[in-house]
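**Q** Sharing a structure with you now.
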Amino acid sequence: MYRFFENLVDPYTDYPRTDTPPRRLLPFLLQYTRPFRGVFIAATLGSILIAGVEVGLIWAMGWVVDLLENDPAQVWADHGWTLIALGLFLLFLRPLIAVFDVALLNQTILPNLGTLIRYRAHGHVLRQSVGWFENDFAGRIANRIMQTPPAAGEVAFQVFDAMTFSIAYVIGAMVLLGDSDPRLMIPLALWVVLYGLLIRWTIRNVSPASKASSDARSQFTGRVVDSYSNIHSVKMFAQGEAELDYGREAIEHARRTFFREMRLYTTMDVALNVLNGLLIVGVVGLALALWMGGNATAGAVAAATALVLRLNAMTGWIMWATTSLFRELGVVQEGMETIAQPITLVDAPDAQPLRLTEGRIEMTALSHHYGRGSGGLNALDLTIAPGEKVGLVGRSGAGKSTLVKLLLRFYDPESGTIRIDGQDITHVTQDSLRLNIGMVGQDSSLMHRSVRENILYGRPDATDAQMIAAARQAQAHDFILDLQDPEGRTGYDAQVGERGVKLSGGQRQRIALARVILKDAPILVLDEATSALDSEVEAAIQDTLYGMMEGKTVIAIAHRLSTIARMDRILVLDDGRIVEDGPHDALLAQGGLYAGFWARQSGGFIDAGEEAAE
């Protein structure tokens, strides 16, 4: 039975992906809950049926009370089968109705709705550009992805478990009281109006207060994750107390927003108790007055009393359910600030896979300043012939990394074009572009997975033999065999820790190199690819690097100039422009910037004093 209800909706079903999801709450929820429409209709009917049964039982209790005024033998003779049927209904049919209603909520809606939203939200965020991620805390993004789905599930649960049930119950109560005496509907109707006004006041205040609390929690999460992910810097600079104060500031902000939210609930609770007292006195008092005047039976008084006492017990639950509903809607709205952001860097509507035939790269009037008007690249023109190896040097901020980011289309240039084999990269699919470019960066962060999974990330369909061969080329195989993680996994199965923290910088760099060697892309980008290696390992791997460059178009960024001295051409960038271009010996003979870097470098690095002086 459980499996039947659990499989009514497939949370991973195909869906049309959109780059511009709805930014308003209701359209956002309607889009995500579309697969659940049939289930929602069934849950609504089930909730109404449950409420009808509850009101019907109170009516039946009043009917039984009226029967007690008659002779027992006559009651059994006249109504025995009806009483038996009522008992059988309570024993068998009522539990079946409850099972249907509860199973839809607990087995179908709650697990699958949260899963669907989390899956689709994660898919949407993964499609965002690198620049989008650079503008936010990873912890805050992750927190919103995690807290929005259960909040949306709670919204659905409260709608069908409390809202639909309570509305149906109040309508049923009106019918039951009106059937006894229409005058009994008057105090209930007045209470409904006042109760509705209290709910309206609560909703209008709770929703923004809840969103503020959710924002504050996300801010704290972002700060904590920032501290934890940079724990080495925290320890190195002895800034533990400063980080604690930084976190305390966010914690205190969250506490203050929570205070404001809880004050609303306390006010609501006091007002609710006053209203419920008016309901009980009004309905029961009027029912007694009608009975004393001979206008109502004892059963009607009993039914009216049971009804308002049941409403009295329910109103707190309904109010909390209502405020919970709108509190969770506030959480969803806060999550939408991340989940519903449009994707700005997208494939062109007519984008085709990159057809790489030679590996020629052409950059024309390329400018990008990250919206600042300075820095980055400034009207750069560059052509790299198929199979040519080009080194890039320059001071920090000269535009080297910007050039690489634009080539990988992590950003779109503010002006100018990049073409590969004559194809504008903004008109090819992003995945096909990046599949044809292999890159090793100076920040060789790894996935918190096994060594095997990290290397195979470059080519998931590679065999173990191919993976090990790539590791050997990268001078990584021997140290990998000696690895062991705290869970006892060894070698290629050992986990490397978050961002590869369990490995040394050189070990991470070599695994990253093995990954790119395995990928074997026709265009190769090396951004300080040997920066974390000691001289002995670098010397051992230098021939491997040049071997993997064979037949590829290569762009290599380096401060350690010895690593690019054998390149076909070396480009010197300054202030976003190419100021020198030629092979190593020719640039030395020019006596320009490159010659100055070479003369001043210590151990093969561009002299830091030269950078500072400039």
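The values are calculated or read from the model by the stated rules, or taken from the named source; none is laboratory data. All values reported here derive from a predicted model rather than from experimental measurement. Positions of Cβ are generated from backbone atoms using ideal geometry, with glycine treated the same way; all protein chains shown enter the neighbour counts. Keep in mind that these areas ignore ligands, DNA and RNA; they rest on the heavy atoms of the full protein, side chains included. Shrake-Rupley method; radii C 1.70, N 1.55, O 1.52, S 1.80 Å.
**Q** Can you give the accessible area of Arg449, probe radius 1.4 Å, in Å² rounded to 10?
**A** The accessible area of Arg449 comes to roughly 100 Å².
**Q** Per residue, how much accessible area does the range 353-406 have with a 1.4 Å probe, in Å²? Kindly include the intermediate steps, with their values, before the conclusion.
**A** Values: 2080 Å² over 54 residues.
On a per-residue basis, 38 Å².
**Q** Straight-line reach from Lys502: which lysines have Cα under 21 Å away, leaving out those fewer than 8 places along the same chain?
**A** List returned: Lys235.
**Q** Across the range 446-454, in residue order, what do the Karplus-derived ³J(HN,Hα) couplings come to in whole Hz, using 6.51 cos²θ - 1.76 cosθ + 1.60 with θ = phi - 60° and x for Gly and Pro?
**A** 10, 6, 7, 9, 6, 4, 4, 5, 5
**Q** If you don't mind, there's one more thing I want to ask. Counting only heavy atoms of protein chains, what accessible area per residue, in Å², does the range 1-74 have with a probe of 1.4 Å? Mind showing how you got there, number by number?
**A** On the way: 4830 Å² over 74 residues.
About 65 Å² of surface per residue is accessible.
**Q** So what are the ³J(HN,Hα) numbers for the range 324-331, from phi and the Karplus equation (6.51, -1.76, 1.60; θ = phi - 60°), rounded to whole Hz, Gly and Pro as x?
**A** 4, 4, 7, 5, 5, 4, x, 5
**Q** Once phi is turned into θ = phi - 60°, what whole-Hz ³J(HN,Hα) does the Karplus curve with 6.51, -1.76 and 1.60 give for every residue of the range 460-466, x standing for Gly and Pro?
**A** x, 8, 5, 7, 4, 4, 5
**Q** What shape does the range 81-206 take by its C-alpha gyration tensor, where a ≥ b ≥ c are the square roots of the eigenvalues and a/c under 1.5 counts as rounded, a/b above b/c as prolate, and the rest as oblate? Intermediate results must be reported in sequence, preceding the final value.
**A** Values: a/c = 5.80, a/b = 1.84, b/c = 3.16.
It is oblate, given that a/c is not under 1.5 and a/b is not larger than b/c.
**Q** Of the beta bridges DSSP finds with both residues in the chain, what % are antiparallel, to the nearest 5? Present the calculation step by step, with values, prior to reporting the outcome.
**A** On the way: 21 of 40 bridges.
So the antiparallel bridges amount to about 50 percent of the total.
**Q** When the accessible area of the range 325-450 is split by element with a 1.4 Å probe, what percent falls to carbon and sulfur? List each step's numbers first, then the result.
**A** Values: 2390 of 4990 Å².
Carbon-and-sulfur percentage of accessible area, whole number: 48.
**Q** Of [x] 71, 25, 22; [y] 33, 31, 27; [z] 45, 42, 25, which one was derived for semi-axes √(5λ) of the Cα gyration tensor in Å from the structure shown?
**A** Calculated semi-axes √(5λ) of the Cα gyration tensor in Å: the matching label is [x].
**Q** Taking amide H positions as placed 1.01 Å from N in the peptide plane, with prolines and chain starts having none, which residues 5 or more places from Gly592, or on another chain, fall under 5 Å of its amide H?
**A** When sequence neighbours closer than 5 places are left aside, there are no close amide H contacts.
**Q** Next up: For the range 363-458, state which GluC sites (Glu not before Pro) are in a DSSP loop and have at most 15 other beta carbons lying within 10 Å of their beta carbon. Let's see the in-between values first.
**A** Numbers: sites: Glu388, Glu414, Glu453; in loops: Glu388, Glu414.
Taking the range 363-458 and a limit of 15 other Cβ atoms within 10 Å, the loop GluC sites (Glu not before Pro) found are Glu414.
**Q** Okay, moving on. Considering only the other residues whose Cβ falls under 14 Å of the Cβ of Glu241, what net charge follows from Lys and Arg at +1 and Asp and Glu at -1?
**A** Details: positive: Lys235, Arg248; negative: Glu243, Asp245, Glu249.
Once positives and negatives cancel, what remains is -1.
**Q** Once the other residues with Cβ under 13 Å from the Cβ of Val75 are scored (Lys, Arg +1; Asp, Glu -1), what is the net sum?
**A** Values: positive: none; negative: Asp66, Glu69, Asp71, Asp78.
Summing Lys/Arg as +1 and Asp/Glu as -1 gives -4.
**Q** Follow-up question, since we're still on this one. Could you tally the net charge around Asp421, taking each other residue with its Cβ under 10 Å from the Cβ of Asp421, Lys/Arg +1 and Asp/Glu -1? It would help to have the intermediate numbers written out before the result.
**A** Values: positive: Arg355, Arg360, Arg419; negative: Glu358, Glu362.
Net local charge, Asp421 excluded: +1.
**Q** Name the lysines eligible as straight-distance cross-link partners of Lys519: C-alpha to C-alpha under 21 Å, and not fewer than 8 places from it in the same chain.
**A** By straight Cα distance, Lys519 reaches Lys389, Lys405, Lys552.
**Q** How much solvent-accessible surface does Thr426 expose, in Å² to the nearest 10, with a 1.4 Å probe and all protein chains in place?
**A** Probe radius 1.4 Å; accessible area of Thr426 about 40 Å².
**Q** Would you rank Ser214, Ser207 by solvent-accessible area, highest first, keeping every protein chain in place and using a 1.4 Å probe?
**A** Values: Ser214 0, Ser207 20 Å².
Accessible-area ranking of Ser214, Ser207, largest first: Ser207, Ser214.
**Q** What distance in nm separates the simple spin-label points at Ala595 and Asp478, each placed 7 Å from Cα in the Cβ direction?
**A** Placing both labels 7 Å along Cα→Cβ, they lie 4.2 nm apart.
**Q** How about the range 296-359: which GluC sites (Glu not before Pro) there lie in a loop by DSSP and see at most 15 other Cβ atoms within 10 Å? Numbers along the way, then the final one.
**A** Values: sites: Glu328, Glu334, Glu337, Glu358; in loops: Glu358.
Those that pass, being in a loop and sparsely packed, are Glu358.
**Q** Report the GluC sites (Glu not before Pro) located in the range 456-532 that are in a DSSP loop and have at most 15 other Cβ atoms inside 10 Å of their Cβ, or state none.
**A** Details: sites: Glu487, Glu498, Glu528; in loops: Glu487, Glu528.
Sparse-neighbourhood loop GluC sites (Glu not before Pro): Glu487.
**Q** Kindly provide the helix-only [θ] at 222 nm of the chain, computed as the sum of -39,500 (n - 2.57) over DSSP H runs of four or more divided by all residues, to the nearest 500 deg cm²/dmol? Show your work: numbers first, answer last.
**A** Numbers: 23 runs with 363 residues, N = 614.
Counting only the DSSP helices, I get -19500 deg cm²/dmol.
**Q** Could you work out the percent of alpha carbon pairs in the range 136-268 separated by over 17 Å, rounded to a whole number? Show your work: numbers first, answer last.
**A** Details: 6369 of 8778 pairs.
It works out to 73 percent of all Cα pairs.
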